[in-house]
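Asks: Just passing along the structure, written as structure tokens.
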Amino acid sequence: MEKRWKMALITVGVTAALAGGLLFRTKEKWVVRFTNGASIGQGAAPEFTPDAKYDVGPYRSFTPELAEGDGKSEVQSFCATCHSTRYITMQTPLAGATWDAEVNKMMKVYGAPVPEAAVKKITAYLQAHYAPENRKE
């Protein structure tokens, strides 16, 4: 009995495979195929006129300004050497201890060359302007 089921399953599988192959073969005749990519025609290049303006201007940077305060210049000097100050402004407000940990991580893990005096100013600045209780937009 088990042998009959296996034979029936094999027969159904082979029949399905053959039917699928035939269906694909007949469908393939209707599909237009491009064998050479160069055979696809392209339109002529547009003519440039001498009086037209083709300059689009400088690329705009939408980085928000840092909040004014003591330590802003240190943040711009030391933090922006490795990453944009946008990392600070787009960050969700962080607690003071988290900012302290972030600054220490930048120095110890990523090797940011920041003097100890600047670390204190940077941390105080970030805690004063980018913490949840005093975030200035």
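Asks: Within region 70-97, which residues are among the polar types (S, T, N, Q) and over 25 Å from the mean Cα position of the chain (by Cα)?
Replies: Ser73, Ser77
Asks: Would you be able to tell me the number of residues in region 9-60 that are open to solvent by less than 80 Å² (accessible area, probe 1.4 Å) and either at pLDDT below 60 or in contact with a Phe, Trp or Tyr (Cβ under 6 Å, 6 or more places away or on another chain) (or both)?
Replies: 5
Asks: Is one or more of the residues making up region 111-132 touching a Lys or Arg at 6+ places or on another chain (Cβ under 6 Å), in contact (Cβ under 8 Å) with a residue 40 or more places away in the chain and open to solvent by less than 60 Å² (accessible area, probe 1.4 Å)? Let's see the steps before the verdict.
Replies: First, the residues of region 111-132 that are touching a Lys or Arg at 6+ places or on another chain (Cβ under 6 Å): 129.
Next, only the ones that are in contact (Cβ under 8 Å) with a residue 40 or more places away in the chain stay: 129.
Within this subset, residues satisfying the condition of being open to solvent by less than 60 Å² (accessible area, probe 1.4 Å) are 129.
Among the residues of region 111-132, at least one is touching a Lys or Arg at 6+ places or on another chain (Cβ under 6 Å), in contact (Cβ under 8 Å) with a residue 40 or more places away in the chain and open to solvent by less than 60 Å² (accessible area, probe 1.4 Å), which makes the answer yes.
The values are calculated or read from the model by the stated rules, or taken from the named source; none is laboratory data. Keep in mind that what you see is a predicted model, and the values were worked out from it rather than measured. As a convention, Cβ positions derive from the backbone with ideal geometry for all residues, glycine included, and neighbour counts pool all protein chains shown. Keep in mind that these areas ignore ligands, DNA and RNA; they rest on the heavy atoms of the full protein, side chains included. Shrake-Rupley method; radii C 1.70, N 1.55, O 1.52, S 1.80 Å.
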